[in-house]
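Please treat every number below as a calculation from the coordinates, not as lab data. In this text, all values refer to a predicted model and were calculated from it rather than measured experimentally. Cβ: placed from backbone, ideal geometry, glycine included. Neighbour counts: every protein chain shown.
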Amino acid sequence: MACYNGSMSKLFNYKRVIFPKGKQRDFLVSAQKKLNLTACSFVELLKISVRTFTDWKREKYSISLFALEEICQILKTSLPKDIEVKDAFWYTLKGGIAGGQAVYKKYGKIGGDENYRKSQWREWWETQGKYEKHPIIGVRKKIKKPKYSRALAEFVGILLGDGGLSKYQLKITTNVKEKAYIAYQKKLIKKIFGVSPSEHLRNNSHINIEVSRKNLVDFCKEITGLSPGDKLKQGLDIPLWIKNNVRYQKYCLRGLIDTDGSLFYERHKIGEKIYQYPRLNFVSYSPALIKSVFDVFHNLGFHPVVRRNNLAVQIENYQEIKRYFKFIGSHNWEKINKEFGGLRRMVRHQS
């Protein structure tokens, strides 16, 4: 006859019996002998598994009051006198108190090293947790899919400049000092896609603006032609829907200059005199993007030049630089004003 291996709900939800050491085994062996039953027959009678019966005889676990009462009823005898009856899971309180005392002794507080626990959770979440399937969080969250617009074109410029895509996440990395621009980028993403980005300190100098939405990553792939991974290896460039629309070119250029552009004085010393010339500068290691930015400047009526071994596009005429900020403008004045602080006072109106 096959041994019973069914439900053990009563086993785990009933009170427990604590025998003096060695007495639980003696009681079970004696009961089996008095009933003249094999081990399989005995466990069938009690509706427990052979494994449970073996553990009880080894005194690995305490016997349930339910099983003890069943045995005593069959034997027509009273319960042993030298036992102690405990509530189910009585040992968890004892273990919890001991564990709490050990933690308090080590860390001086309950909960252990909070910062370490948070950092471990964060590492798990970023590398594994948020990508695992779950009946709730595993469902793709919706985003608003916008039509082509000036705001979307500027977002693409930001993404091409300081952004990147992974399998499940959009990330834009910005200097921690550019607080107003960080706020603007988050507001722009919220406006376009209807989602609120999170903000995480990457190191002491940069902040990551992040959105973990697979649908957003897929949409960004559609509007930029980029895939998760190294942008440069994919031939980083302005997408055609922007190249073919002068109005969109203007706003994409703003996003590019606000992220990968700079404004500075180029200084030369001739004899004892120092000469300085303003430069609006855009730098990229993508030859395709350098050419496209040059073409966009030209299309918008500027006179760009390519410098620094074809890695930079510059506007070198002061009046054209002023015109750029009047005609195109910037949302990152904290960066623009680093070395050219007087420009904003001279350029009072932005488009």
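Computed values, structure above
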quantity	calculated
Residues H200 and I18, FRET efficiency given R0 of 45 Å [Cβ-Cβ distance, rounded to 0.05]	0.30
Packing-based ranking, highest mean first, of 195-207, 149-161, 311-323 given that Cβ atoms within 10 Å are counted	149-161, 311-323, 195-207
Test item: Cα-centred dipole of the range 9-91, Lys/Arg +1 and Asp/Glu -1 on Cβ, debye	160 debye
In order through the range 281-298: 3J(HN,Hα) via Karplus (6.51 cos²θ - 1.76 cosθ + 1.60), integer Hz, x for Gly, Pro	10, 10, 10, 7, 8, 9, x, 5, 6, 4, 5, 5, 5, 4, 5, 5, 4, 5
Within the range 246-346: Cβ-based charge dipole about Cα centre, in debye rounded to nearest 20 (Lys, Arg +1; Asp, Glu -1)	220 debye
